[in-house]
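The values are calculated or read from the model by the stated rules, or taken from the named source; none is laboratory data. Values in this document were obtained by computation on a predicted structure and should not be read as measured data. The area values use the complete protein model at the heavy-atom level, side chains included, leaving out ligands, DNA and RNA. Shrake-Rupley method; radii C 1.70, N 1.55, O 1.52, S 1.80 Å.
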Amino acid sequence: MNRKIIIVLLVLATLAISFFAMKGLTNLKESPKKNLDKKKLPIVRVEKVNYHELSSPILEKGRLASNLEVNLSSEVAGRIIETGVPLKVGQKFKKGQLLIRIYEEDAKMDLRAEKSRFLNKLAENLPDIKVDYASNFEVWMKFFNAINLEESIPELPKVKSDQEKVFMASRNILGDYYAIKSAEVKLAKRRIYAPFDGSYVEVNTQIGSVAGMGSKLAGIIESNNLELQVPIEAKEISWLHLNEKVDILDADGALIFTGKLVRKSDFVDQGTQSISVFVKLEKTSGQELYQGQFLTARFNGKVISNVMEIPRNAVFSSNKVFVVEGDILKEKKINVIRRNENTLVFNGLKEGAVLVVEPPVKATENMQVQIKK
């Protein structure tokens, strides 16, 4: 019995010694101190509000279009024949070149026949003119001799008296003369010449096909007379003025041309709610331009006083920003003057206020922050 008691006491003593030894070792281990001085706070970039005079340009993309675009239509019917200038989209031509020719040999023959009949009628009446209107006979004789079947009929002599006028009308000389003039005009319409240096943008026919009267044959543009059509927001149109200089930029933002604002539309596009303005280009380099090409126009806009420009992402809810007071964020309203593509022009804050230009993610009022050095 005594032996069992001794064993139990030894076990209890062993457990007690182990417990106090573990506790002692635990007390020897130092607890890590909490770092209260280096509490992590959101970092913000700020600028002090400083108002000044600012020139705020307007940058908008526009599409090049020819200032002069013409549709070629046939005023007479007939078969289209070769001219030397291919009827192909993109084909260039020079002013005065023959673009379209409609078969004309039959019309020429009809015109010669009319002139021949007219000469015959004049020949029959010249003796009467010599007797009754001797003072004007030489003029009519000269007119008779000047008529050439291959050339345009010369101008009709002036009638000197009412009796002479009645004589010419009764013999239908006047009617036949103007019928010939009409036939010459119709013959000339069988040839269409280039009114300017340009190129084809649309072709609706081909060599050998028959052109109908009034049918559209092709569309041409003057390639050296291009305008940039630029859509401008309606609220900004008042900032632009006719004849002001405009810089034309390429896709990389480099200046390639200059231009002049020549027209402003007086209506709003229903689809885009913008107003189109037109810039006439003045070349300053050898770069080629093409109809339909997109370029950027930089307008001068106007000079605004007592404003500041900040990134657009510094503003939320359209007209609110954060300022730092001490190390706490505070919401403030601003007066937005104009919005650019990446920046915003404003006033309405006190000068010297510490404005946050790069707010932290999920920023809220009264959030504690630290300012980026």
Next on the checklist: Need one word for the range 230-272: rounded, prolate or oblate. Basis is the Cα gyration tensor (sqrt eigenvalues a ≥ b ≥ c); a/c below 1.5 gives rounded, then a/b vs b/c decides.
Outcome noted: oblate
Checklist entry - What aspartates and glutamates sit close enough to residue 280 to cross-link, taking a C-alpha to C-alpha distance under 14 Å and skipping anything fewer than 8 places away on the same chain? => result 222, 227, 244, 247
Next on the checklist: Distance cut-off 28 Å, Cα to Cα: go down the list 216/264; 48/362; 61/302; 121/186 and report the pairs above it.
Outcome noted: 216/264
Next on the checklist: Nearest 500 deg cm²/dmol is fine: what mean residue ellipticity at 222 nm does the chain get from its DSSP H runs of n ≥ 4 alone, each adding -39,500 (n - 2.57), divided by its residue count?
Outcome noted: -8000 deg cm²/dmol
Checklist outcome for this item: For the chain, using Cα atoms only, the Rg and Dmax in Å read 45.6, 183
Checklist entry - Classify the range 97-246: rounded, prolate or oblate, from the alpha-carbon gyration tensor (a ≥ b ≥ c, eigenvalue square roots; a/c under 1.5 rounded; otherwise prolate if a/b is larger than b/c)? => result prolate
Checklist outcome for this item: A chain fully extended from residue 264 to residue 121 at 0.36 nm per residue, minus the present Cα-Cα distance, gains in nm 45.4 nm
Next on the checklist: Accessible area per residue for the range 204-341 in Å², computed with a 1.4 Å probe and the full protein assembly in place, what is it?
Outcome noted: 54 Å²
Checklist outcome for this item: Percent relative contact order for the chain, counting Cα pairs under 8 Å at least six residues apart, stands at 27 percent
Checklist entry - Leaving out ligands, DNA and RNA, what percent of the accessible area of the chain is carbon and sulfur, probe 1.4 Å? => result 53 percent
Item to check | Accessible area of the range 139-187 divided out per residue, in Å², using a probe of 1.4 angstrom | outcome: 63 Å²
Checklist outcome for this item: Note on the range 292-373: contact order normalised by length, alpha-carbon pairs under 8 Å, 6 or more apart, percent, works out to 31 percent
Checklist entry - In straight Cα distance, which aspartates and glutamates are under 14 Å from residue 165, not counting same-chain residues fewer than 8 positions off? => result 128, 132
Checklist entry - Is the shape of the range 201-278 rounded, prolate or oblate, going by the alpha carbon gyration tensor and its root eigenvalues a ≥ b ≥ c, with a/c under 1.5 for rounded and a/b larger than b/c for prolate? => result prolate
Item to check | Over the range 256-373, equivalent-ellipsoid semi-axes from the Cα gyration tensor in Å | outcome: 40, 16, 14
Checklist entry - Going by alpha carbons, how many degrees (0 to 90, nearest 10) lie between the helix axis of 2-28 and the longest principal axis of the chain? => result 50 degrees
Next on the checklist: Straight-line reach from residue 130: which aspartates and glutamates fall under 13 Å, measuring Cα to Cα and dropping same-chain residues less than 8 apart?
Outcome noted: 138, 164
Item to check | Estimated vicinal HN-Hα couplings, Hz - the range 56-65 in sequence order (Karplus 6.51, -1.76, 1.60; Gly, Pro = x) | outcome: 10, x, 10, 10, 9, 7, x, 10, 6, 9
